[in-house]
Amino acid sequence: MANRKYIVGNWKMNGLNDQLSDIADIASIAANHPSVDAAICPPVTLIASAVSQNAAFSIGAQDCHFNEKGAHTGCVSAAMIKQAGASFSILGHSERRADQHETDADVKAKAEAVHANGLGAIICVGETEEERDAGQAVDVVCGQLQGSFPNGADAKWLTIAYEPVWAIGTGRVPEAADVEEMHAAIRQKLGELMGDGADAVRILYGGSMNGGNAAELLAVPNVDGGLVGGASLTAEKFGPIIEAAAAS
Ligand SMILES: O=C[C@H](O)COP(=O)(O)O
């Protein structure tokens, strides 16, 4: 049986208080499409307000630390994002792997921390353009998945997002056949890592998804949803992606 589609907006470092109305507008569209799971991950500063204003809509975080507390200036823990009202966190986004030098072991520890706090995790994996050109894409992504894979993984709380680094924010999208090949490889790897429960783990595609290409991407086998950056910032752009998921 096909998994329910999951459409997640990652606002990255965008959004001040006056953009809370965009989350409310997006939540309204989501409420009209109950066959789709939709969510927004605003900056951590907006999580509590977004949750209090949109009680029925899922709000996530973009990251958290793997430690419970301590001397980690500028960081937030899983317990903190939970207390703010987040129900899950994106982890291991390529922008953090690159900018903050996050390793697979860090991402694994973060996933275990969010799970220990009763939250969901979306673990991101993806190859660079150089790695794809060198024919290493599947090996790189499956290696990241293995290294980042948390103990106790279960589809109830774990989602994987495949995001080719070269497709993020560039307007470039892989061929459907390449997305299909990678998602099949991720599904197979999940089977090796967790056995029977692997089919229920949702695998999202991310990288320049928008209202114009969502239907085609969401029709690819093993694409269970999208992790959307730029096209998630307004209801005008994000709504058509939710609608495409509902129609898929
Ligand atoms: O987390 C989202 C991804 O990095 C995709 O971003 P994008 O849709 O702006 O390419």
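Can you run down the residue pairs with Cβ atoms below 6 Å, 6 or more apart or on separate chains, where the first is in region 156-174 and assigned to a strand (DSSP E or B) and the partner is of a type in the set (A, V, I, L, M, F, W, C) and within 11 Å of the ligand (Cβ to nearest atom)?
Qualifying pairs under 6 Å: THR159/ILE122; ALA161/ILE122; ALA161/CYS124; ALA161/LEU204; ALA161/LEU227.
Which of the residues spanning region 51-67 are assigned to a loop (DSSP other than H, G, I, E, B) and either without any contact (Cβ under 8 Å) to a residue 40 or more places away in the chain or touching a strand residue (DSSP E or B) at 6+ places or on another chain (Cβ under 6 Å) (or both)?
Hits for region 51-67 are ASN54, ALA55, ALA56, PHE57, GLN62, CYS64.
Just to be sure I understand the filter: pairs with C-beta atoms under 7 Å, separated by 6 or more residues or on different chains, first member in region 194-209 and within 17 Å of LYS5 (Cβ to Cβ), second member among the β-branched types (Val, Ile, Thr) and in a helix (DSSP H, G or I). Which pairs pass?
Filtered contacts from region 194-209: ILE203/ILE186; TYR205/VAL179; MET209/ILE241.
Taking the options ALA78, ALA84, name whichever one is surrounded by 15 or more Cβ atoms within 10 Å (Cβ to Cβ) and within 20 Å of PHE149 (Cβ to Cβ).
When all the criteria are applied, what remains is ALA78.
Residues checked against (1) away from the ligand (no atom under 16 Å from the Cβ); (2) of a type in the set (Val, Ile, Thr); (3) modelled with pLDDT of 95 or more; (4) part of a helix (DSSP H, G or I):
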| position | (1), (2), (3), (4) |
| --- | --- |
| THR45 | yes, yes, yes, yes |
| LYS69 | yes, no, yes, no |
| ILE81 | yes, yes, yes, yes |
| ALA111 | yes, no, yes, yes |
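Please find, within region 27-43, the residue that is surrounded by the fewest Cβ atoms within 10 Å (Cβ to Cβ) out of those that are within 15 Å of GLY225 (Cβ to Cβ) and touching a helix residue (DSSP H, G or I) at 6+ places or on another chain (Cβ under 7 Å).
SER35
Looking at (1) modelled with pLDDT of 95 or more; (2) assigned to a loop (DSSP other than H, G, I, E, B); (3) surrounded by fewer than 19 Cβ atoms within 10 Å (Cβ to Cβ), can you tell me which one GLY147 breaks?
(2)
Between GLY92, GLY152, GLY126, GLY118, which is more than 16 Å from the ligand (Cβ to nearest atom) and at pLDDT 95 or above?
GLY118
Restricting to region 210-248, name every residue that is in a loop (DSSP other than H, G, I, E, B), within 13 Å of TYR6 (Cβ to Cβ) and within 15 Å of the ligand (Cβ to nearest atom).
Within region 210-248, just VAL223 meets the criteria.
The values are calculated or read from the model by the stated rules, or taken from the named source; none is laboratory data. Small disclaimer: the values here were computed from a predicted structure and weren't measured. A quick note on method: Cβ atoms are made from the backbone with ideal geometry, for glycine too, and the neighbour counts reach across all protein chains shown.
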